[in-house]
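The structure appears below as structure tokens.
The values are calculated or read from the model by the stated rules, or taken from the named source; none is laboratory data. Computed from a predicted structure; not experimentally measured. Ideal geometry is used to build each Cβ from the backbone, glycine not excepted, and the neighbour counts take in all protein chains shown.
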Amino acid sequence: MDKIKKILITKQGKKFYVRDMDKDFHTQYGFVKKEDLKKIKDETVLKTNTHKEFAIFSPFFADLYRKIKRDAQIIPLKDVGLIIAETGINKNSKIIDAGSGSGALACFLAHLCKEVVTYEIREDFIEIVKKNIEFLGLKNIKIKNKDVYSGIDEKDIDLVVLDLPEPWKAITNAKKALKVGGFLVSYSPSIPQTMDFVNEIHKNTNFVHVKTSEIIEREWEVEERKVRPKSRGIGHSGFISFCRRI
Ligand code: SAH
């Protein structure tokens with residue numbers, strides 16, 4: 001994946017991603033000449049040949065993150081937000097993530113934390129994760145081609161996040177990896193998985209279940225006096241269970 005060099009944005013919020021500054025850049029609103037692209041500084045207003053205006057800026061993590069490759073179902077931002085807020089992870093935190101999938105959650109956490117080790121059993125997914133790590137320029141993620149149900153090698157971990165079909169099978173391994181007080185978070189799309197996971201936690205003397213939540217985000221349209229929820233429905237993603245290692 002080529003690196004994104006600049007972002008063009010219309011006043012209506014439509015974004016375009018410039019990867020090659022040595023070529024004219026074409027959009028549905030006409031094109032910007034490569035000579036104009038080269039001259040830009042932040043705060044330059046660019047005009048296409050049809051006089052459409054774009055503001056321009058260099059990409060932030062949030063811009064790049066939206067463009068990563070996604071083959072497995074990635075965890076949505078609303079749910080990433082809850083995990084970060086509830087666990088209070090920071091630049092000193094060490095995290096285990098399993099399974100990697102497209103590496104979306106692992107990459108977001110690595111952007112904020114000291115170190116992430118992500119476990120994945122499928123080699124085709126590992127290739128996608130590698131590409132995403134490189135695209136985002138992250139240096140603090142390790143990928144392990146290993147079944148997390150068979151063991152976690154790391155110790156002294158602040159947070160273990162599970163996003164896989166049978167999370168209860170990783171509880172004993174998470175216990176060995178986590179610091180006392182550390183968080184075990186499990187993300188499951190369906191209630192039977194959530195139920196089996198939390199019931200196992202209830203039986204386990206090394207964990208307490210803190211809470212299980214679902215985040216419902218409703219986006220609104222705000223245009224002149226047309227101010228109302230967007231008509232697209234609220235999709236379902238997953239239930240998030242938070243536990244502490246004791
Ligand atoms: N959280 C990820 C998506 C995870 S999808 C993201 O945000 O991108 C679930 C992944 O778990 C799949 O890629 C699957 O191959 C992997 N997986 C399933 N069982 C596993 C196991 N026992 N150990 C490691 N990875 C596993």
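Among the residues of segment 129-152, is there at least one that is of a type outside the set (Asp, Glu), in contact with a Ser or Thr (Cβ under 8 Å, 6 or more places away or on another chain), under 21 Å from ARG245 (Cβ atoms) and at pLDDT 95 or above?
yes
Listed here are the residues, each with its yes/no results for (1) closer than 18 Å to ALA62 by Cβ; (2) surrounded by 17 or more Cβ atoms within 10 Å (Cβ to Cβ); (3) more than 12 Å from the ligand (Cβ to nearest atom); (4) touching a residue at least 24 places away in the same chain (Cβ under 8 Å).
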position	(1), (2), (3), (4)
SER93	no, yes, yes, yes
ALA98	no, yes, no, yes
LEU112	yes, no, yes, yes
ASN132	yes, yes, no, yes
LEU136	yes, yes, yes, yes
LYS139	no, no, yes, no
LYS144	no, yes, no, yes
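If you check VAL129, VAL160 for being touching a Leu at 6+ places or on another chain (Cβ under 7 Å) and closer than 19 Å to GLY103 by Cα, only one passes: VAL160. For segment 63-91, filtering for residues that are within 13 Å of the ligand (Cβ to nearest atom), farther than 25 Å from VAL210 by Cα and surrounded by 15 or more Cβ atoms within 10 Å (Cβ to Cβ) leaves 4. Only strands (runs of 3 or more DSSP E) whose full extent lies in segment 1-94 are considered here, and the ones with at least 2 residues that are closer than 27 Å to ARG218 by Cβ are 6-9. Just one of (1) surrounded by 15 or more Cβ atoms within 10 Å (Cβ to Cβ); (2) out of contact with any strand residue (DSSP E or B) (no Cβ under 6 Å at 6 or more places or on another chain); (3) of a type in the set (Phe, Trp, Tyr) fails for PHE60. It is (1).
Going by the conditions given, is GLU214 surrounded by fewer than 17 Cβ atoms within 10 Å (Cβ to Cβ) and in contact with a Gly (Cβ under 9 Å, 6 or more places away or on another chain)?
yes
Scanning segment 56-75 for any residue that is charged (D, E, K, R) and over 22 Å from PHE135 (Cα atoms) turns up nothing. Does ALA55 meet the test of being free of Cβ contacts under 8 Å to residues at least 12 places away in the same chain and either away from the ligand (no atom under 12 Å from the Cβ) or under 30 Å from PHE31 (Cα atoms) (or both)? Taking the combined requirement at face value, the residue does not satisfy it.
Within the span defined as segment 169-183, every residue fails to be closer than 30 Å to GLN12 by Cβ and surrounded by fewer than 20 Cβ atoms within 10 Å (Cβ to Cβ).
Scan segment 146-161 residue by residue and report those that are more than 9 Å from the ligand (Cβ to nearest atom) and surrounded by 18 or more Cβ atoms within 10 Å (Cβ to Cβ).
ILE152, ILE157, ASP158, LEU159, VAL160
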